[in-house]
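The values are calculated or read from the model by the stated rules, or taken from the named source; none is laboratory data. Computed from a predicted structure; not experimentally measured. When we count neighbours, we look across all protein chains shown, and the Cβ atoms used for this are built from the backbone with ideal geometry, even at glycine. All accessible areas refer to the heavy atoms of the entire protein, side chains included, with ligands and DNA or RNA removed. Shrake-Rupley method; radii C 1.70, N 1.55, O 1.52, S 1.80 Å.
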Amino acid sequence: MIKPIELVIFDCDGVLVDSERIAVRLQVALGAELGWPLSEDEVVGRFIGRSHAAIREQVADRLGARTAAIWSERFEERHREAVDAELAPVDGLVEALGAITLPMCVASSGSHDKMRHTLGRTGLYDRFAGRIYSAAEVSRGKPAPDLFLHAARGMGVEPAACAVVEDSGPGVRAARAAGMRAFGYAGGITPAERLAGPGTVVFHDMRVLPALIAGR
């Protein structure tokens, strides 16, 4: 028998805040500057949904540790500037949060400092304060299930009673690996086919999320 959903776990970037478009733009520009030309689609496939450390490791494998350090430093500086100038909540997200009555938390590949900044700039931080989990707290980032299992433990809910809202391939794979139901948001930059899979509902508008969760 399928357990009723008791907890909704949200990814942050691309699910709560519309930051992935900013990140892709900056990563493409850095690749052009530092010697690794990447298309937007390549950035989405390689970087989106992965931790800062995992991205830095990929760059180091390609360009060396020194260039990876420069890349990382420039990205963090430019990302902070862009967030301050243009970041907004994902379209329809505020309405969705207002309609979901279940307990909610955040589990993101981003650091706590990054989430304090992005969620703070968009007025969302106080909604989740004390219920925010980072990949920095576990040994393996997405697509491993560690982060979502860590969040479920922290919230005192069994994995089978959790639903995860994600917008990346690594994210939905991590949710499935954790034994959780996945809701793949395809209204951002990741194509729907990269989110589809067993135990996963793919949707395009955040406003329909409360009804989808209630129906599962």
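Here are the numbers for this structure:
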quantity	calculated
Qualifying residue in segment 147-167 (condition: in contact with a Ser or Thr (Cβ under 8 Å, 6 or more places away or on another chain), in contact (Cβ under 8 Å) with a residue 40 or more places away in the chain and open to solvent by 10 Å² or more (accessible area, probe 1.4 Å))	no
Scan of segment 183-199 for residues that are under 23 Å from P89 (Cα atoms) and out of contact with any Leu (no Cβ under 8 Å at 6 or more places or on another chain), ordered by number	G187, G188, I189, T190, P191, A192, R194, L195
Helices (runs of 4 or more DSSP H) enclosed by segment 3-75 - at least 1 residues per element that are within 19 Å of E86 (Cβ to Cβ) and of a type in the set (D, E, K, R)	20-34, 40-46
Pairs, first under 20 Å from A175 (Cβ atoms) in segment 43-63, second hydrophobic (A, V, I, L, M, F, W, C) and assigned to a helix (DSSP H, G or I), C-beta under 6 Å, six or more apart	F47/I55; S51/A135
Qualifying residues in segment 157-216 (those that are outside any helix (DSSP H, G or I) and of a type in the set (D, E)) - the one nearest to S39 (Cα to Cα)	D167
Which numbered condition G110 misses (of (1) open to solvent by 20 Å² or more (accessible area, probe 1.4 Å); (2) touching an Asp or Glu at 6+ places or on another chain (Cβ under 7 Å))	(1)
Any hit, segment 121-134, residues being in contact with a Gly (Cβ under 8 Å, 6 or more places away or on another chain) and part of a helix (DSSP H, G or I)	no
Lone qualifier among R140, R80, R173 - being open to solvent by 10 Å² or more (accessible area, probe 1.4 Å) and either closer than 29 Å to V208 by Cβ or of a type in the set (D, E) (or both)	R173
Residue check for G199: in contact with a His (Cβ under 6 Å, 6 or more places away or on another chain), farther than 12 Å from F10 by Cα and of a type outside the set (A, V, I, L, M)	no
Residue satisfying all of: in segment 88-105; closer than 14 Å to V15 by Cβ and free of Cβ contacts under 8 Å to residues at least 60 places away in the same chain; surrounded by the most Cβ atoms within 10 Å (Cβ to Cβ) among these	L97
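Listed here are the residues, each with its yes/no results for (1) touching a residue at least 40 places away in the same chain (Cβ under 8 Å); (2) under 12 Å from the mean Cα position of the chain (by Cα).
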site	(1), (2)
A107	yes, yes
A129	no, no
S134	no, yes
G171	yes, yes
